[in-house]
Amino acid sequence: MNYKTLAQAQKEYFSTNITKTYGFRREALLNLKRALKLHEEEIYRALKLDLAKSAEETYVTELGLIYQEINFQLKHLKRNMKIKRVKTPLALFPAKSYVYQEPYGNVLIIAPWNYPLLLAFNPLVGAIAAGNTVTIKPSELSPHTAQIIQKIISTTFAKEYITTVLGGVAETTSLLQNKFDYIFFTGSPRVGKIIMETASKTLTPLTLELGGKSPAIVTKDANLKLAAKRLAYGKTINAGQTCIAPDYLLIHQSLVPEFVSEFSKAIKLFYEDPLENENYPQIISQDHYKRLLSLIKDENVIFGGKNKAQKLEPTLVQIKDQTTLIMQEEIFGPILPFLTYETISEALNYIKANEKPLAAYLFTESKRIKERFSAEISAGGIVFNDTLMHFANTYLPFGGVGNSGFGKYHGQASFQTFSHAKAIVDRKTYLDIKLRYHPLTKKKLKYIKKVMK
Ligand code: NAD
């Protein structure tokens, strides 16, 4: 089936209205969960081949989160689908007003390679719950996971309901020639701009889940041991190939030696020797591996830096010159560069001078600094005294701001993202107040001003 026929078939299927019923949506969510459970072993194998990820890490950072999302949508489906009555102003009397959550129609989900299962299926769960048909385009850089995604989808759903298209730039470009009713894109700001430009030609609404340089600050009064451990966790899970990984660190100048020591202890605790540990993930491709090595080539590496067979040790780099590439582009690997600061204002100003990040982390015991950070730092999400954890809370909206994207998903936000909130006014016919009709006399206006003031 070519892409045009596919898009047409999904449109026709959507217009049968079957995907909109409660029973259909519920069954689809349950079927997806059953299919994932059935294919768990194949999923573990695929992620091992694509990213050398252990089964345990795959469960914690991908599968488990998808199950959580499915459970949330199942639990709230009936209530979310309800037509909600809202107030009606006196000026519209007599009438009733409602908000009707309408599925957009056919949704296109474009996924990246770094959490290739999670970032294809998590938005899918929201799109199903909201009653849409879906086309998923997984990343070509994680081909084994793309295959298992295709297998799960094709054996669970009719292709006019949910389907998978495999391929890279060429396939995505030609897929985008079709009119979709909504596009959900996760990837880089560079490609995000291309997707948005294409979507603008057909005025297709979209969500852009992008990346960028997410900062972390460690203040003088922080619990340093825990800060080092939790930063090491955020930077080594998936070998740092995480959109919300702490990209760089701003640390009070008095803390550096102790921080380096605690960071190295945490790495030893997690992996002993990362390059020899089969549970320490690899870098996705030779190109990305070479890019990461070139980022640290002329930098002041003070911990780690060794590499082997597409794996790179967790690496700490002390930054002297902020203009080098490592402080300009998103790192997306297990390298943590750090800068020192003297005053908290200095650290906050550094972050504010750069693009708005997807996440921002602050390690401190100070309530006052937390308040300043919340008020002054614009970021997709903030975590105090840890990294990544806001992603795992289904009750929080997840997404970027500015250069890190727009639109939100997870839990309630997902249902809303994939639904159009349609306004309905039901005017009653038992009474027809003449006041609003022409001619609008001065006398009528006097009354109108009494209710519309
Ligand atoms: P990418 O932008 O290179 O690719 C994403 C998807 O777009 C892939 O499916 C790819 O095939 C497709 N694509 C690539 N070039 C295209 C083009 N010219 N036209 C149409 N489609 C194209 O991103 P990536 O390398 O897969 O992922 C890494 C980026 O994604 C990082 O910037 C990271 O921060 C970001 N990311 C964001 C989130 C989030 O939730 N906000 C999550 C994961 C990754």
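Of a type outside the set (A, V, I, L, M, F, W, C), within 22 Å of the chain's Cα centre (by Cα) and closer than 30 Å to Tyr248 by Cβ - does that describe any residue in the stretch 358-371?
yes
With the requirement that a residue be within 14 Å of the ligand (Cβ to nearest atom), under 19 Å from Leu124 (Cα atoms) and crowded, with 22+ Cβ neighbours inside 10 Å, what does the stretch 401-416 give you?
Within the stretch 401-416, Gly405, Tyr409, His410, Ser414 meet the criteria.
A quick yes/no check of all residues on (1) open to solvent by less than 60 Å² (accessible area, probe 1.4 Å); (2) of a type outside the set (Ser, Thr, Tyr):
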{"site": "Leu358", "(1), (2)": "yes, yes"}
{"site": "Phe363", "(1), (2)": "yes, yes"}
{"site": "Ser366", "(1), (2)": "yes, no"}
{"site": "Ser378", "(1), (2)": "yes, no"}
{"site": "Leu396", "(1), (2)": "no, yes"}
{"site": "Asp432", "(1), (2)": "no, yes"}
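I'd like to verify a number: residues in the stretch 29-67 that are aromatic (Phe, Trp, Tyr) and under 20 Å from the mean Cα position of the chain (by Cα), how many?
Residues flagged as aromatic (Phe, Trp, Tyr) and under 20 Å from the mean Cα position of the chain (by Cα) within the stretch 29-67 amount to 2.
Having 3 or more residues that are in contact (Cβ under 8 Å) with a residue 60 or more places away in the chain is the bar; report the strands (runs of 3 or more DSSP E) wholly within the stretch 273-343 that clear it.
Where strands (runs of 3 or more DSSP E) fall fully within the stretch 273-343 and carry at least 3 residues being in contact (Cβ under 8 Å) with a residue 60 or more places away in the chain, they are 335-341.
How many of the residues in the stretch 344-366 are hydroxyl-bearing (Ser, Thr, Tyr), touching a residue at least 40 places away in the same chain (Cβ under 8 Å) and outside any strand (DSSP E or B)?
Going residue by residue through the stretch 344-366, those that are hydroxyl-bearing (Ser, Thr, Tyr) are 345, 350, 361, 364, 366.
Adding the requirement that they be touching a residue at least 40 places away in the same chain (Cβ under 8 Å) leaves 350, 361, 364, 366.
Restricting the remaining residues to those that are outside any strand (DSSP E or B) gives 350, 364, 366.
Here the count works out to 3.
With the requirement that a residue be assigned to a helix (DSSP H, G or I), more than 8 Å from the ligand (Cβ to nearest atom) and open to solvent by 50 Å² or more (accessible area, probe 1.4 Å), what does the stretch 175-197 give you?
The answer is Lys193, Met196, Glu197.
I'm checking my understanding of the structure. Among residues of the stretch 380-394 that are open to solvent by less than 60 Å² (accessible area, probe 1.4 Å) and more than 16 Å from the ligand (Cβ to nearest atom), which one is nearest to Gly234 (Cα to Cα)?
The selected residue is Asp386.
Among (1) open to solvent by 10 Å² or more (accessible area, probe 1.4 Å); (2) under 30 Å from Tyr98 (Cβ atoms), where does Leu49 come up short?
Single failed check for Leu49: (2).
Only one residue in Val99, Val169, Val134, Val125 is in contact with a strand residue (DSSP E or B) (Cβ under 6 Å, 6 or more places away or on another chain) and within 16 Å of the ligand (Cβ to nearest atom), so which one is that?
Sole residue among the options that is in contact with a strand residue (DSSP E or B) (Cβ under 6 Å, 6 or more places away or on another chain) and within 16 Å of the ligand (Cβ to nearest atom): Val134.
Please go through the stretch 198-221 and give me each residue that is more than 11 Å from the ligand (Cβ to nearest atom), open to solvent by less than 40 Å² (accessible area, probe 1.4 Å) and part of a loop (DSSP other than H, G, I, E, B), ordered by number.
The answer is Thr204, Thr219.
Return the only residue of Thr163, Thr145 being in a helix (DSSP H, G or I), more than 11 Å from the ligand (Cβ to nearest atom), within 16 Å of Pro123 (Cβ to Cβ) and touching a helix residue (DSSP H, G or I) at 6+ places or on another chain (Cβ under 7 Å).
Result of the check over Thr163, Thr145: Thr145.
The values are calculated or read from the model by the stated rules, or taken from the named source; none is laboratory data. Keep in mind that what you see is a predicted model, and the values were worked out from it rather than measured. In this analysis, Cβ positions are derived from the backbone assuming ideal geometry, glycine residues included, and neighbour counts consider all displayed protein chains. Just the protein is used for accessible areas: all its heavy atoms, side chains included, with ligands, DNA and RNA removed. Shrake-Rupley method; radii C 1.70, N 1.55, O 1.52, S 1.80 Å.
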